[in-house]
1. Identify, from the list 117, 82, the residue that is more than 17 Å from residue 188 (Cα to Cα) and without any contact (Cβ under 8 Å) to a residue 24 or more places away in the chain.
2. Residue by residue through segment 167-190, note down the ones that are part of a helix (DSSP H, G or I) and within 24 Å of residue 137 (Cα to Cα).
3. Do we have any residue at all in segment 109-129 that's assigned to a loop (DSSP other than H, G, I, E, B), within 15 Å of the ligand (Cβ to nearest atom) and farther than 17 Å from residue 193 by Cβ?
4. Does segment 60-79 include one or more residues that are within 12 Å of the ligand (Cβ to nearest atom), at pLDDT 95 or above and closer than 22 Å to residue 139 by Cα?
5. Would it be correct to say that residue 105 is free of Cβ contacts under 8 Å to residues at least 60 places away in the same chain, more than 28 Å from residue 23 (Cβ to Cβ) and within 15 Å of the ligand (Cβ to nearest atom)?
6. Is it fair to say residue 169 is within 14 Å of the ligand (Cβ to nearest atom), under 20 Å from residue 26 (Cα atoms), under 13 Å from the mean Cα position of the chain (by Cα) and touching a residue at least 12 places away in the same chain (Cβ under 8 Å)?
Ligand SMILES: NC(=O)c1ccc[n+]([C@@H]2O[C@H](COP(=O)([O-])OP(=O)(O)OC[C@H]3O[C@@H](n4cnc5c(N)ncnc54)[C@H](OP(=O)(O)O)[C@@H]3O)[C@@H](O)[C@H]2O)c1
């Protein structure tokens, strides 16, 4: 698949590396074309640098891997408001979290709904925000426990595309309903980050229930 990634930081790098290892072609782009080029050069074959508008135009599915502060600007560069992402699956892996408090930055709704409002006609899926990008890398510990990737979205085809891409990373997709659930999934990330920041193990902070 031709996957676009809006973002040129750590998460973009980890996902691009993992998906190209599975044979996908990845276009990366953000506010700096120089940073996109440096990332493409660092990752090598299968990763191409492009301006955000080209990422949007030439990709079958697009991942938003941006800091909260950069979402509006880069979506605008991509032409999202003019329909550049219309009809496409847009995976939102962002954490719009205040890292000192663990509280979500959007006062209401969710980052995923914020993106959906700005990416006219696109099909946003919240996914991949909870695990560190490095956990999908080739050097991640072999035999690590199965990673269930909770996702939500309103479009069945976009959820199927997201599920396929999650499986290609080595995760197990779990679709939990429509995009109205995104704030709940984003809150889980804030909860996990806050526990880790206060010296607690998030894995022992939830009950071990049998499926
Ligand atoms: N890293 C992970 O393991 C991980 C895991 C799950 C989810 N996430 C989420 O994925 C997103 C990206 O994380 P990351 O680790 O890749 O962060 P990062 O390395 O800091 O990269 C942030 C990206 O956002 C862009 N950006 C920041 N401020 C901007 C602004 N004002 N205008 C335009 N672009 C701006 C940066 O562009 P410049 O480089 O030009 O500043 C860069 O492309 C975040 O929402 C994060 O919570 C990360």
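1. Values: 82 fails: without any contact (Cβ under 8 Å) to a residue 24 or more places away in the chain.
The match here is 117.
2. Once the filter is applied, which keeps residues that are part of a helix (DSSP H, G or I) and within 24 Å of residue 137 (Cα to Cα), segment 167-190 yields 167, 168, 169, 185, 186, 188, 189, 190.
3. Yes: segment 109-129 contains one or more residues that are assigned to a loop (DSSP other than H, G, I, E, B), within 15 Å of the ligand (Cβ to nearest atom) and farther than 17 Å from residue 193 by Cβ.
4. yes
5. Working: free of Cβ contacts under 8 Å to residues at least 60 places away in the same chain: yes; more than 28 Å from residue 23 (Cβ to Cβ): yes; within 15 Å of the ligand (Cβ to nearest atom): yes.
Yes, satisfied.
6. yes
For (1) touching a helix residue (DSSP H, G or I) at 6+ places or on another chain (Cβ under 9 Å); (2) surrounded by 18 or more Cβ atoms within 10 Å (Cβ to Cβ); (3) within 20 Å of residue 16 (Cβ to Cβ), each residue gets a yes or a no:
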site	(1), (2), (3)
77	yes, yes, yes
82	no, no, no
89	yes, yes, yes
98	yes, no, no
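Condition check ((1) in contact (Cβ under 8 Å) with a residue 60 or more places away in the chain; (2) assigned to a strand (DSSP E or B); (3) crowded, with 17+ Cβ neighbours inside 10 Å; (4) more than 13 Å from the ligand (Cβ to nearest atom)) across all residues:
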{"site": "8", "(1), (2), (3), (4)": "no, no, yes, no"}
{"site": "13", "(1), (2), (3), (4)": "yes, no, yes, no"}
{"site": "16", "(1), (2), (3), (4)": "no, no, yes, no"}
{"site": "19", "(1), (2), (3), (4)": "yes, no, yes, yes"}
{"site": "34", "(1), (2), (3), (4)": "no, no, no, no"}
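The values are calculated or read from the model by the stated rules, or taken from the named source; none is laboratory data. Since we're looking at a predicted model, the values are computed, not measured. Cβ: placed from backbone, ideal geometry, glycine included. Neighbour counts: every protein chain shown.
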